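In what follows, a single structure is set out as structure tokens and then discussed.
The values are calculated or read from the model by the stated rules, or taken from the named source; none is laboratory data. From a predicted model like this one, the values you see are computed outputs, not experimental measurements. Please note: Cβ atoms are built from the backbone with ideal geometry, for glycine as well, and neighbour counts cover all protein chains shown.
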Amino acid sequence: MKCGSALRTSLVGISLLCSSVAVSSRIQAAPAQMRLPSGVTLLAIGQAIEGAPTVYKFKLANGLKVLILPDSRNPLATLRVKLDAGSNREKLGTTGLAHFFEHMMFRKTQVTSEGHYDRVLAGVGGRGNAATSTDYVVYESSFPGPALDKMLELESQRFKLLDLQDPYFTTEKGAVISERRLRYENDPLQRGMEIIRRTAYKSTPYEWLTIGTKVDVEQMSIEEARTFYRDFYTPDNAQLFLGGPFNVENALQKINDAFSDWNGRAKIQGARRSERAEQSVAGKDFVCSESVFEEQHTLQFPSEDNSYRSNILIQVLLQILNDSPDGTMQRRMTKQKLATSFGLFKTTWQKTSQPYVAWFKLNRQQNWPAASDYFFKELQKALSRPITPELKKILLKQQEVEEAEVAQKMSSLVEFYEWNEFFYGDFQISAQTKKIIESLTSKEFQAWGRDAFSQKKAFHMGVTAPGKAIPCGDFEKTAALK
Amino acid sequence: MKDFVMLPARKKNKAFACNSVAIKTLTTLAFSGLVFAASDASAQDSGAGGALTNQRPVVVSKPVPLNWRSINWPSLNYARTPVVGGAALYSIYAETGKKIRLDLLFETGVYSLPRALRTNLAATIDMFLLGGAGARNYEELQKFLADNGIQVSTTTTQLGQFHISIEMLSTDFPLAMAALEDMLLRPRFDRDALEIWKMEQADAFQGLLDGGNSRKQGRFVEQEAIRLAFGSQHYFAHSLARMSKPELEKVSQDKLRQIAGLLVNRAGLNVVLSGNINSKLEQSVVQLMKKIPRLTPVTYAWLPERVQRPENNKLRMTIIRKADLSQATLTLRYYLPNIGKMNRIERTRMTLLREVFSASGGVIGNDRFSKAMRADSGISYGPHASFDPESIEPNTNTGSWRLNFQSPNERLIEAVKLATKTWDSFTSKGITQEELENARISRINTTLATEQTVFDKVDDFLEDLEARVLPNPLGVEGSLVRLEQEKDLSAVNQLLFSQINAGTVPILVMIGNPSEATITELRAIPGVEISKVVAFEDLVKELIEGGPK
């Protein structure tokens, strides 16, 4: 049974908006009686979502930023450590290192044996995971509140004293090679996208997949991994988020005890910025064919506007695109047999150009030029429509719903604050959403839209069904000749 | 609160959600949105493996018992209001939070209607939402719901019942109730909307047939596993073909109306109202319930067939060959056709056994299966195993163990031998006292690491209602006490041995690209019988024609 993808997809944009909301944000004064460990600074106290517990932001003497969300609704605690050590920190020749390193963090330290992390985590009844993206790596664990001391010890050991050595390094390399086969090499769509991306994003840190190129993964060395650990796994390059049934001062003291002797300074700052001239790809089609039934296409609109406001405005645009008696944008494209899915979002990348992206799924019978023409036609209509009070009311309602959902769970709140803190340096930035919507004028919106969605600077990436484009296996040769 | 029984990869009703207006979180969206722009890869959730081997040192750290008795575990606070005509309203109160959720669980569903109507039933359930309601066509209804932040899903439960769930802010309750009343009492099943539904189903079906990723491949593996264990004529052996062209052609507006007239029945209706609610809202729900017609009570008309015991006890195997796969995905299953309905003590013991064999389904390493297939051998990328006491629900007499893993094509022989050897050791020797102690402590501690909103509790509550039982008022504490008591190693092992001795039906299905030599070698393994080697393209062809004949 197919599961309602049409509906869900059509609301993706709205959801982005709704998830980035806040009603009553305020910086609160620090309680005079709060006792801070030596060298620790209180940076902010706030509440980005009405009714949610207050959040406390500190900085340890070694540069580690710490956010604590005391929340006693459940005995559960969650601990997340996020580092600015995603695959955009890599360079050609060592791609995949960020993700590979994430695997290694679950293995051996200088003071604990192989498998210790998993065993202790299971023993306290906890769960742990990690994720690597182009922009960051995040280590997450959830566990019963009473296990905090144990978990802080466990977490800090691997950040301070990871032991990179064989045979674990070599075994883990095999694991990543296997993962690569499963996720990418054995999936024709992903296989095709890897090739397309390599060409369209050439000379940027987004040229390669987070998992790395096949050759780089196979040739990865322990020495490179040690360098990566030394350069990027440093307290000033990390943020720690703790939520759960804790007294703030006690929790802070424990965190400081566990992490204050984590030393080092991130060696490379700002190395990942794209130097590519966007004009070199403007108007181009990066399309190849694979053995897929369902095609994927994106229109990418490069943008230097990295503001939080731009994330809100694209949701306003999507809401307008969806507002039609004939149904949402996706529904209309489905009815007219132009596409099977549609979405619109702003890429969240760090400190580099962040394209606006319109994405489409087509079946074999549908054709891209018709879908693309329809999109641009509807886009122009949407950008000429006024920003009405009714539209604002709908957007604010959806914001309120999402806010209520996020506030339901401590773990959702922590994740929410983490995202804003990492990408915007302000865990309360979502409080601006309401203000941005309420003050938005038609003129401002249209000016933003004209700049953001200029057809001249857009480029097209796609993987089509066989026979509709050059086979992906031959694509790079052809692209090189051009 | 349920007993601590590990279920396979199904998450309550949500896994069956088919139509919903939903809003996701920022992070989820940001990740999902980056389909083309970026990629994420995680290590722990997917495990690790590969072509290299090593030996790991023994891990000696002991689990730390946490004091669960120091925690104030609140009882589930609910009230039951009977509604004339064989229905009931359950109110679950949560004063904090702004949201309200209303769930309607109708008695009629998959197993009370003829099997031949299954695709029409699926369409009917989807089209309560997608077909428009009252004065609104679907587009108008969708806009109304989205503009007011109202989320609706129409689904079937694990036991086949028709389930509608609707969530809203408390301030929008009247709007949501009006929409719900239209959907239930004035569904439109618009013809043009039905055609779009058919088109979307056909696209999804065609998309499945390229078998392009592990999720799609897994559906073929599942189908072949059912065929191997239950026979090719079994009800579940046809599930993929339900959306094939021949089946979709049987779906009609008339049939949908006919089925809807049977589904919306007050007799046997259970309704759960939860969140920030009050007596006024309860009354308005009761009024709606009274408007739902009371029809003749229904019961099961049929149930899925049980496992057919083969003539021998060999491990029967199906191999699906797909030429472009450089590694294989495998499921090794041991069906237990004679375990009957397990009691709470047995369920707790099975939880502990499963914890030792595959902790948390293999998400965390160091359990027996993960250690063998991943840590020590480096064969499998993400091994995990589960025990399901009701593997062909709602027929509850058959349980199963499912061991899922991957292997490079060139290491298939080694992988199959290692998986079966690990299983054989587990089922012949049982677990050790130390493993039992560690598993007990781990499971108790895990309970302290749960995060439940009132709506999560409603999910548990609904599962009980589906199974026609009421929740245990002791909830979490009752389960914790049961876990604490399970210290008798011989009793725990005896349960495992007795289940195995009652007879297992072992099967293995793989999708990959093994060489002829590998197949020959597999065939030569003692106790193995290769039932079928089939090309992926042939399975696709069969599906296009509407499934097995």
Completion exercise
Log entry, pairs with first residue in segment A:142-154 being surrounded by 24 or more Cβ atoms within 10 Å (Cβ to Cβ), second being outside any strand (DSSP E or B) and of a type in the set (Asp, Glu), beta carbons closer than 8 Å, six or more apart or on different chains, reads A:Ser142/B:Glu451
Problem - Selected residue (criterion: surrounded by the fewest Cβ atoms within 10 Å (Cβ to Cβ)) from residues of segment B:486-510 that are under 18 Å from B:Asn438 (Cα atoms) and free of Cβ contacts under 8 Å to residues at least 40 places away in the same chain - result: B:Ser490
Completion exercise
Contact list, first residue from segment A:291-302 and more than 7 Å from chain B (Cβ to nearest Cβ), second anywhere and of a type in the set (Lys, Arg) and surrounded by fewer than 21 Cβ atoms within 10 Å (Cβ to Cβ), beta-carbon distance below 9 Å, six or more apart or interchain, is A:Glu295/A:Arg364; A:Glu295/A:Lys468; A:Phe301/A:Lys457; A:Pro302/A:Lys457
Problem - Residue pairs meeting the criteria (Cβ under 9 Å; at least 6 apart or on separate chains; first in a helix (DSSP H, G or I), in segment B:511-522; second acidic (Asp, Glu)) - result: B:Thr518/B:Glu410
Exercise for the section: Name the residue, out of B:Glu140, B:Glu107, that is among the charged types (D, E, K, R) and either within 11 Å of chain A (Cβ to nearest Cβ) or in contact with a Lys or Arg (Cβ under 6 Å, 6 or more places away or on another chain) (or both). Expected result: B:Glu140
Practice task
Report yes if B:Glu355 is acidic (Asp, Glu) and away from every other protein chain (no Cβ under 11 Å), otherwise no.
Solution key: no
Exercise for the section: Might you let me know whether segment A:254-263 holds any residue that is more than 9 Å from chain B (Cβ to nearest Cβ), over 21 Å from A:Met104 (Cβ atoms) and buried (at least 22 other Cβ atoms within 10 Å of the Cβ)? Expected result: yes
Practice task
Considering each residue of segment A:108-119, count those that are touching a residue at least 40 places away in the same chain (Cβ under 8 Å) and either more than 9 Å from every other protein chain (Cβ to nearest Cβ) or not in a loop (DSSP other than H, G, I, E, B) (or both), and give that number.
Solution key: 4
Problem - Residues satisfying the stated conditions in segment A:349-377, i.e. closer than 27 Å to A:Glu207 by Cα, of a type outside the set (S, T, N, Q) and within 10 Å of another protein chain (Cβ to nearest Cβ) - result: A:Trp349, A:Pro355, A:Val357, A:Trp359, A:Lys361, A:Leu362
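Is it the case, given these coordinates, that B:Ile320 is under 26 Å from B:Ser515 (Cβ atoms), crowded, with 24+ Cβ neighbours inside 10 Å and in contact with a Phe, Trp or Tyr (Cβ under 7 Å, 6 or more places away or on another chain)? Walk me through how you get there before you give the answer.
Numbers: under 26 Å from B:Ser515 (Cβ atoms): yes; crowded, with 24+ Cβ neighbours inside 10 Å: yes; in contact with a Phe, Trp or Tyr (Cβ under 7 Å, 6 or more places away or on another chain): yes.
It is true that B:Ile320 is under 26 Å from B:Ser515 (Cβ atoms), crowded, with 24+ Cβ neighbours inside 10 Å and in contact with a Phe, Trp or Tyr (Cβ under 7 Å, 6 or more places away or on another chain).
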Handout entry: Condition met for B:Asn404 (in contact with a Leu (Cβ under 9 Å, 6 or more places away or on another chain) and surrounded by 21 or more Cβ atoms within 10 Å (Cβ to Cβ))
Key = yes
Problem - Tally, over segment A:154-182, of residues that are in contact with a strand residue (DSSP E or B) (Cβ under 8 Å, 6 or more places away or on another chain), within 22 Å of B:Gln327 (Cα to Cα) and polar (S, T, N, Q) - result: 1
Practice task
Give the residue that is surrounded by the most Cβ atoms within 10 Å (Cβ to Cβ), with candidates limited to residues of segment A:203-253 that are assigned to a loop (DSSP other than H, G, I, E, B) and on the phi > 0 side of the Ramachandran plot.
Solution key: A:Gly212
Completion exercise
Note: among A:Lys337, A:Lys346, just one is within 11 Å of another protein chain (Cβ to nearest Cβ) and either within 30 Å of B:Trp197 (Cβ to Cβ) or of a type in the set (Ser, Thr, Tyr) (or both), namely A:Lys337
Practice task
State whether the residues of segment B:188-211 include one that is away from chain A (no Cβ under 14 Å) and not hydroxyl-bearing (Ser, Thr, Tyr).
Solution key: yes
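Yes/no per residue for (1) more than 27 Å from the chain's Cα centre (by Cα); (2) under 30 Å from B:Asn343 (Cβ atoms); (3) of a type in the set (Val, Ile, Thr):
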site: B:Ala502; (1), (2), (3): no, yes, no
site: B:Pro506; (1), (2), (3): no, yes, no
site: B:Met510; (1), (2), (3): no, no, no
site: B:Glu516; (1), (2), (3): yes, no, no
site: B:Pro526; (1), (2), (3): yes, no, no
site: B:Ala535; (1), (2), (3): yes, no, no
site: B:Glu542; (1), (2), (3): no, no, no
Handout entry: Search result, residues across segment A:126-173 that are within 7 Å of chain B (Cβ to nearest Cβ), part of a strand (DSSP E or B) and of a type in the set (S, T, N, Q)
Key = A:Asn129, A:Thr132, A:Ser142
Practice task
Could you tell me whether segment A:430-437 includes any residue that is at negative phi and modelled with pLDDT of 95 or more?
Solution key: yes
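Out of A:Phe375, A:Phe345, A:Phe360, I need the residue that is outside any loop (DSSP other than H, G, I, E, B), modelled with pLDDT under 95 and within 28 Å of the chain's Cα centre (by Cα). Which one?
Answer to the check: A:Phe345.
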